[in-house]
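Engineer: Here you go, one structure.
Here, each number is a calculation from the coordinates, and none is a lab measurement. Note that the structure is a prediction, hence the values are computed from the model and not measured. Cβ coordinates were reconstructed from backbone atoms using ideal geometry, including for glycine residues, and neighbour counts include every protein chain displayed.
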Amino acid sequence: MGTGTDSGQGFLMNKLFMLLVLIPPLAGPPPAVTFAAPPDVDAVRGWNEAALEAVRVHRASDADAARTYAMVNAGMYDAVNGIATARGDRARGFALRDPKGAPPHGDQQAAALAAAHTVLTRLYPAQAEGLKERLAGDLARLGGGPRVAAGRAWGEAVGRDVVAAREGDGSYPVETQPAGSGPGVFGQAWSGVQYRNMKPFAIADAAPYVGSGPPPLGSLDYAAAFAGVRLLGDAAIPDVGKSAVYQYWALPAGTAQPPGEWIKIALSVQRPLPPADKSRLFALLGMALADTSIPTVMTKFTYRHWRPQPAIQQADTDGNPYTERDETWRARAGGMGSSPEYISGHSSFSGAGAAVLAGFFCADRILFTLVTDSAPVDPATGQPWRRRFPGFSAAAADAGRSRVLGGQHFGFSNVDGLAMGRDVAAEILATRLLLKSGPTHAGACPR
């Protein structure tokens with residue numbers, strides 16, 4: 001028989017047993033809450049591709065194409081940057097539209113989509129229906145909700161303001177420089193000279209970048225360049241490789257134009273970037289390409305230098321004892337070009353594009369593969385020639401040299417054009433879209 005103490009302990013044990021039976025066991029720690037990642041429509045890629053196609057369909061000039069890429073990408077950057085600034089992220093300078101009024105809760109991708117769509121439909125109203133369908137598809141992938149609606153409304157406002165900011169910027173109406181005459185002078189009228197007066201997107205002034213001019217006709221330097229293009233660019237000397245390199249970079253009307261190939265090169269770089277950084281890269285690139293077109297046209301307008309074909313056919317008029325006339329000489333590419341020879345626009349655009357990409361990534365030697373819009377068909381594959389480049393400057397050098405191989409430019413126009421583009425890009429990288437506080441550079445690379 002137990003003691004009183006034992007009886008009390010038994011009573012308590014029975015109560016505890018009843019509690020354990022009647023109360024269900026705890027389920028353990030609650031499962032971790034997970035949230036689905038927002039859908040990624042890659043607005044920067046998709047709408048740069050839309051801009052490239054719009055330029056092809058419109059058959060825009062190289063300067064007009066560059067202006068398009070600058071406006072589309074400035075709009076996407078300002079839309080994304082505005083929301084980032086409103087959220088309290090580290091503030092950056094804006095391109096054309098300040099962040100005032102940006103919704104902190106807005107969806108950045110929706111904002112970028114809407115900004116690009118608004119710009120492109122105003123630049124190319126004939127393509128509005130297709131662009132509208134593209135926007136609807138992208139927005140559907142993002143889903144609905146107040147964040148997407150707010151982002152879209154903000155992006156549309158930014159796009160309208162970007163277009164308004166570039167109204168009357170000097171890119172229109174079209175102006176023509178009359179045909180010239182005499183030794184060393186481009187002998188045709190050419191249109192598009194209004195771009196020499198276009199308001200820059202990012203540089204302070206285009207005038208300091210105007211080329212110093214071709215060598216005097218009677219100089220040894222001119223004679224050396226004359227001899228180089230006469231040999232390399234001669235249609236009477238068959239060379240499949242040289243002709244293919246020329247065609248690869250020819251990019252006539254109906255293509256994305258030389259500036260567009262640098263947009264494509266940027267799209268081909270396999271370096272993952274968040275939307276804010278990606279939009280900044282393409283804004284820098286677009287503005288550099290557009291601003292390079294200004295001193296390029298200014299230089300052509302100022303010097304009005306003749307192309308190699310008339311130069312060689314009329315060499316007896318240049319006063320140089322080291323050049324020889326050949327009335328039968330024809331450029332490998334055919335024709336005499338639609339604008340003055342000095343300076344090479346292919347080269348200046350390429351110099352700018354390569355410098356922006358190398359500066360942004362802090363590396364020039366980044367391997368990429370490119371099929372240009374004018375690439376010849378590779379007989380081995382039956383497909384357009386797909387080329388691999390070891391880096392940006394290598395592609396720029398190839399693009400510039402292609403103009404000499406085609407008999408379209410002298411070597412000095414290529415060298416000076418590449419330098420012009422690099423210099424324009426250097427100013428933009430050093431001064432635009434930088435952080436407003438804290439370190440903004442790591443060596444020569446913008447941050």
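Engineer: If you average the C-alpha positions of region 141-169 and of region 174-226 separately, how far apart do those two centres end up, in angstrom?
Structural biologist: So the separation of the two Cα centres works out to 38 Å.
Engineer: Also: What residues have an amide H closer than 5 Å to that of PHE368, excluding those fewer than 5 places away on the same chain, when H is modeled at 1.01 Å from N in the peptide plane?
Structural biologist: Distant-sequence amide H within range of PHE368: PHE389, GLY391.
Engineer: Here's a follow-up. Once you list every other residue whose beta carbon is under 13 Å from the beta carbon of TYR124, what net charge do they have if Lys and Arg are +1 and Asp and Glu are -1?
Structural biologist: Details: positive: ARG56, ARG59, ARG67, ARG122, LYS132, ARG134; negative: GLU53, ASP64, GLU129.
Local charge sum for TYR124: +3.
Engineer: Just to verify a number: FRET efficiency for TYR322 and ASN197, C-beta to C-beta distance, R0 = 30 Å, to 0.05? List each step's numbers first, then the result.
Structural biologist: Numbers: r = 38 Å, r/R0 = 1.27.
Computed FRET efficiency for TYR322 and ASN197: 0.20.
Engineer: Further question on the same structure: Show me 45-55, 59-69 ranked by packing, highest mean number of other Cβ atoms within 10 Å first. Display every interim value, and only then the final one.
Structural biologist: On the way: 45-55: 22.1, 59-69: 24.9.
Answer by packing, highest mean first, reads 59-69, 45-55.
Engineer: Now a separate question. Quick one: which residues, 5 or more positions from ASP234 or on another chain, have an amide H under 5 Å from its amide H? H modelled 1.01 Å from N in the peptide plane, none for Pro or chain starts.
Structural biologist: For ASP234, whose amide H was placed from the backbone, the distant partners under 5 Å are ARG332.
Engineer: What helices does the chain have that are whole DSSP H segments, at least 15 Å long along their own axis by Cα, and with mean Kyte-Doolittle hydropathy of 0.0 or more?
Structural biologist: Values: long enough: 4-22 (27 Å, 0.82); 43-58 (22 Å, -0.02); 62-86 (36 Å, 0.17); 108-123 (23 Å, 0.64); 128-142 (21 Å, -0.24); 146-165 (28 Å, 0.17); 220-232 (18 Å, 1.22); 257-268 (17 Å, -0.13); 275-303 (42 Å, 0.41); 345-361 (24 Å, 0.96); 392-405 (20 Å, 0.38); 411-431 (31 Å, 0.53).
Qualifying helices, which must be both long enough and hydrophobic enough, are 4-22, 62-86, 108-123, 146-165, 220-232, 275-303, 345-361, 392-405, 411-431.
Engineer: Computed FRET efficiency, Cβ-Cβ of LEU367 and ARG141, R0 35 Å: what is it to the nearest 0.05?
Structural biologist: On the way: r = 31 Å, r/R0 = 0.88.
With a Förster radius of 35 Å, E is 0.70.
Engineer: Students often get this wrong: which residues of region 414-440 have the backbone nitrogen under 18 Å from the point 7 angstrom along Cα-to-C-beta of SER212?
Structural biologist: 414-424
Engineer: Using modelled backbone amide H atoms (1.01 Å from N, in-plane), which distant-in-sequence or interchain residues come within less than 5 Å of HIS305's amide H?
Structural biologist: PHE186, GLU341, TYR342
Engineer: So for the chain, averaging the separation of alpha carbon pairs under 8 Å that are six or more residues apart and normalising by length, what relative contact order in percent results?
Structural biologist: Details: 844 pairs, mean separation 86.2, N = 447.
Computed value for the chain: 19 percent relative contact order.
Engineer: Put a dot 7 Å past each Cα toward the Cβ at THR381 and VAL57; how far apart are the dots in nm?
Structural biologist: Spacing of the two 7 Å Cα→Cβ label points: 2.8 nm.
Engineer: For volume of the Cα convex hull per residue in Å³, the choices are (i) 204; (ii) 136; (iii) 218; which was calculated from the structure?
Structural biologist: Only one listed value fits the structure, namely (iii).
Engineer: Less than 11 Å Cβ to Cβ from TRP306, Lys/Arg counted +1 and Asp/Glu -1: what total charge do the surrounding residues give?
Structural biologist: Details: positive: ARG304, ARG307; negative: ASP318, GLU341.
For residues surrounding TRP306, the net value is 0.
Engineer: Just how many pairs of Lys in the chain have C-alpha atoms closer than 29 Å, counting pairs that are eight or more places apart or on different chains?
Structural biologist: 15
Engineer: With each label point set 7 Å from Cα along the Cα-Cβ vector, what nm distance links ALA189 and ARG87?
Structural biologist: Placing both labels 7 Å along Cα→Cβ, they lie 5.4 nm apart.
Engineer: Sort 127-134, 424-431 by the packing proxy (mean of other Cβ within 10 Å over each peptide's residues), most packed first.
Structural biologist: Working: 127-134: 15.0, 424-431: 21.2.
In descending order of packing, they fall as 424-431, 127-134.
Engineer: Pop a pseudo-label 7 angstrom from the Cα along the beta-carbon direction at both VAL240 and LEU220 and give the gap in nm to one decimal.
Structural biologist: Going from the VAL240 label point to the LEU220 one covers 4.0 nm.
Engineer: Measure out, as a whole number of angstrom, how far apart the alpha-carbon centroids of region 73-106 and region 327-344 sit.
Structural biologist: 46 Å
Engineer: Can you work out the FRET efficiency for the pair ARG388 and ALA149, with r the C-beta to C-beta distance and R0 = 35 Å, to the nearest 0.05? Could you put the intermediate results ahead of the total?
Structural biologist: On the way: r = 44 Å, r/R0 = 1.25.
Given R0 = 35 Å and the Cβ-Cβ separation, E is 0.20.
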